[in-house]
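Derivation of every value follows stated rules applied to the coordinates shown; laboratory data play no part. Since this is a predicted model, take the numbers as computed values, not measurements. Neighbour counts are summed over all protein chains in view; Cβ atoms, including those assigned to glycine, are modelled from backbone coordinates with ideal geometry.
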Amino acid sequence: MGRYFSGTSAAFVSVTTLFFAWGFITSNNDPLIASLKASFHLSYTEALLTQLVFFAAYGFMSFPAAALLNKVGSVRSILIALTIMITGCLLVQFITRYQDYVLILAALFILGIGITTLQVAANPLAAALGPPESSHFRLTFAQAFNSLGVVLGVNFGSKIMLGEEVLKSGHAPITNEADRILALQAVSHAFLLIAALLAGLMLFIWFSRKRIGDAAAAIEKPAGGSVLDALRSKWAIFGALAIGLYVGAEVSIGSIMINFLNQPEIMNLPLESAGFYLANIYWMGALIGRFVGSYLLTRIAAPKLLLVAASFASLLCLTVAFSGGPFAGYAALSVGLFNSIMFPTIFTITLERAGVSQASTSGLLCVAIVGGAILPYVVGQMADQSSLTLSFIIPMLAYGVIAVFGLLSQRAKVYHADGGAAIAGH
């Protein structure tokens with residue numbers, strides 16, 4: 001038992017590096033949006049197509065990734081995912097020389113396919129590598145390293161992609177072609193460095209493959225059903241809705257935050273400084289919240305903690321929508337703290353209550369991450385038609401639905417690994 005625990009713990013540590021990696025990469029979309037908006041003279045709706053295309057990959061690839069996971073197992077799925085991600089980063093690096101926004105979006109879609117495959121494999125693996133009763137803690141703890149990746153990623157992206165002199169103020173679009181070339185070269189440089197990081201991570205996973213594979217073999221069951229099984233479960237569908245709304249709300253706020261803080265009527269920050277605030281307050285709040293949340297989940301039931309966090313996030317968005325100045329800016333930045341435990345708790349609550357295979361449920365939940373494509377597009381349209389401030393009404397409503405999910409899941413049936421079931425809290 002001691003040997004198994006040691007092997008499982010070591011495998012869990014290896015898997016957390018994957019959470020760091022996709023957090024680092026995905027978060028670079030936020031400074032990328034600000035850079036592309038200035039470089040290509042985009043409206044908010046057009047700029048947020050970056051997120052729509054990136055997260056559309058979840059809708060396209062999640063069920064195929066779940067089928068791949070059932071067929072080849074966790075380790076091979078992870079290595080395939082990392083290969084696709086490296087390819088996507090190199091394509092971004094190559095395509096920027098053509099100064100074509102559509103081609104950049106196509107490369108981001110390929111990168112999104114790789115991250116989708118990685119999430120489908122890694123999320124249930126992290127939740128399952130240990131005792132079932134601590135799955136909420138484990139996935140939240142792993143997500144804390146995802147948040148660490150986000151904090152470092154936004155700092156990295158803001159420094160490289162928004163550090164050019166032409167982008168520092170952000171109050172006017174780039175009109176000079178030479179300046180546009182400089183801005184896109186910065187984007188190219190950033191994604192080349194990300195590709196190098198992924199190559200190093202791939203080598204680490206390759207050398208750790210036996211340790212991860214041995215631990216995964218103890219919790220992976222032979223494929224015995226369709227990846228569409230989750231569509232028969234009301235709780236899997238409800239959990240997918242909650243995941244989609246959470247990701248959509250979080251991504252929407254992160255995507256517009258740099259431009260929001262840049263507005264004279266809010267905080268009038270230069271783009272690079274706004275990126276610093278995004279990284280070190282909004283995303284740092286999520287990082288701190290996940291470490292604190294990991295501890296709280298050993299004391300408080302996951303559905304109850306989720307209900308509290310979602311309620312506070314909704315109230316903060318309401319505050320932003322109907323206020324202004326630095327007060328609205330700091331209220332928006334504070335949402336990150338309450339976002340912190342939402343994804344892992346929604347994910348594990350759904351795995352426990354779905355009553356179908358974890359691969360199928362994980363696939364459906366990752367399909368739902370396409371909410372990161374839909375909600376930002378709606379927020380962008382609202383920002384163009386009214387204001388960035390009023391666009392916070394959209395995430396406010398999303399967090400309200402998540403609060404309802406947390407409330408109702410407190411009395412729902414929980415399915416155990418041995419096939420038994422119980423009412424939550426009993």
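Rounded to the nearest Å, what's the spacing between the alpha carbon centres of the range 140-155 and the range 291-340? Just the number, please.
Their Cα centres are 17 Å away from one another.
In nm, what is the difference between 0.36 nm times the number of residues separating R411 and E177 and their Cα-Cα distance?
Length gained between R411 and E177: 78.3 nm.
Using only Cα atoms, tell me the angle between helix 302-321 and the longest principal axis of the chain; keep it within 0 to 90° and round to the nearest 10.
10
Find which of W283, Q381, I243 sits farthest along the positive direction of the dipole of the chain, computed with +1 on the beta-carbon of Lys and Arg, -1 on that of Asp and Glu, about the Cα centre.
Of the candidates, I243 comes out farthest on the positive side.
Just want to confirm a number: the relative contact order over the range 2-423, from Cα pairs under 8 angstrom separated by 6+ residues, in percent.
27
With springs only between Cα atoms under 10 Å apart, run a GNM on the chain and tell me which of G157, G200, G406 wobbles the most.
G200
Sequence gap of 8 or more, or different chains, plus Cα separation below 27 Å: how many lysine pairs satisfy both in the range 2-423?
Value for the range 2-423: 12.
Stretch R232-Y295 to full length: gain in nm at 0.36 nm per residue minus the Cα-Cα span?
Extending this stretch completely gives an extra 19.3 nm.
I'd like the orientation of helix 177-207 relative to the chain: the angle between its Cα long axis and the longest Cα principal axis, in ° from 0 to 90, rounded to 10.
With rounding to tens, the tilt is 20 degrees.
Students often check this: by mean Cβ neighbours within 10 Å, which of 48-61, 243-256 ranks highest, and how do the rest follow?
243-256, 48-61
What are the principal axis extents of the Cα atoms in the range 327-393, in Å, biggest first?
Extents along the principal axes, in whole Å: 44, 24, 12.
Between the range 1-78 and the range 80-104, how many Å separate their Cα centres?
Here the two parts' Cα centres lie 15 Å apart.
Per 0.36 nm of contour for each residue apart, how much would the distance between Q99 and Q185 grow if the chain were fully extended, relative to their Cα-Cα spacing?
30.0 nm
How large is the Rg to Rh ratio of the chain when both quantities use alpha carbon positions and Rh follows Kirkwood?
Dividing the radius of gyration by the Kirkwood radius yields 0.96.
Convex hull over the Cα atoms of the range 3-94, averaged projected area in nm²?
7.5
Ranked by Cβ crowding within 10 angstrom, fewest neighbours first, how are Y295, Y377 ordered?
Fewest-to-most ranking of Y295, Y377: Y295, Y377.
Where nothing but the Cβ of Lys and Arg (+1) and of Asp and Glu (-1) is charged, how large is the charge dipole of the chain around its Cα centre, in debye to the nearest 20?
With only Lys, Arg, Asp and Glu charged at Cβ, the dipole is about 1280 debye.
Over 17 Å, how big is the tail of the calculated P(r) for the range 240-328, in percent of all Cα pairs?
For the range 240-328, the share of Cα pairs beyond 17 Å comes to 58 percent.
What order do you get for E46, E352, E177 when you list them from fewest to most C-beta neighbours inside 10 Å?
The order, fewest Cβ neighbours first, is E177, E46, E352.
I33: net charge of surrounding residues, Cβ under 15 Å, Lys/Arg +1, Asp/Glu -1, itself excluded?
-4
Tell me what the chain gives for mean residue ellipticity at 222 nm when only DSSP H runs of n ≥ 4 count, each as -39,500 (n - 2.57), the sum divided by the residue total, rounded to 500 deg cm²/dmol.
Helix contribution divided over all residues of the chain: -26000 deg cm²/dmol.
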